[in-house]
Amino acid sequence: METTMNDQDCDYLFSITRGQREAKIYSSMELDDYYRVECLLDGELVVARDNSELDYCREVGETFVLELS
């Protein structure tokens with residue numbers, strides 16, 4: 001299930017980093033649990049996805065950082 005979060009609605013959880021690639025994982029501060037992954041290349045945002053599953057966001061981040069897609 002996809003949703004959209006504002007930057008003000010998120011708490012930073014952790015990052016996955018390899019070379020110039022980084023994936024930052026955030027959690028929503030609202031009643032429903034939603035998570036965000038932001039994939040950055042050389043510090044610039046490439047992909048941002050919101051989802052109700054933390055594992056989904058982690059997998060998107062890992063795939064991006066490891067250049068598997």
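The values are calculated or read from the model by the stated rules, or taken from the named source; none is laboratory data. It should be emphasised that the depicted structure is a prediction, and the values quoted were computed from it without experimental measurement. When we count neighbours, we look across all protein chains shown, and the Cβ atoms used for this are built from the backbone with ideal geometry, even at glycine.
This table checks each residue for (1) within 11 Å of the chain's Cα centre (by Cα); (2) modelled with pLDDT of 95 or more.
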position	(1), (2)
M1	no, no
T4	no, no
F14	yes, yes
T17	no, yes
Q20	no, yes
D55	yes, yes
R58	yes, yes
E62	yes, yes
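Going through (1) at pLDDT below 95; (2) in contact with a helix residue (DSSP H, G or I) (Cβ under 9 Å, 6 or more places away or on another chain); (3) more than 15 Å from L66 (Cα to Cα) one by one, V47 falls short only on (3). Has the stretch 54-68 got at least one residue that is under 19 Å from C10 (Cα atoms), in a strand (DSSP E or B) and of a type in the set (V, I, T)? The answer is no, given that none of the residues of the stretch 54-68 is under 19 Å from C10 (Cα atoms), in a strand (DSSP E or B) and of a type in the set (V, I, T).
Each row is one residue, and each column tells you yes or no for (1) surrounded by fewer than 14 Cβ atoms within 10 Å (Cβ to Cβ); (2) small (G, A, S).
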residue: Y12; (1), (2): yes, no
residue: R18; (1), (2): yes, no
residue: A23; (1), (2): no, yes
residue: Y26; (1), (2): no, no
residue: Y34; (1), (2): no, no
residue: E44; (1), (2): yes, no
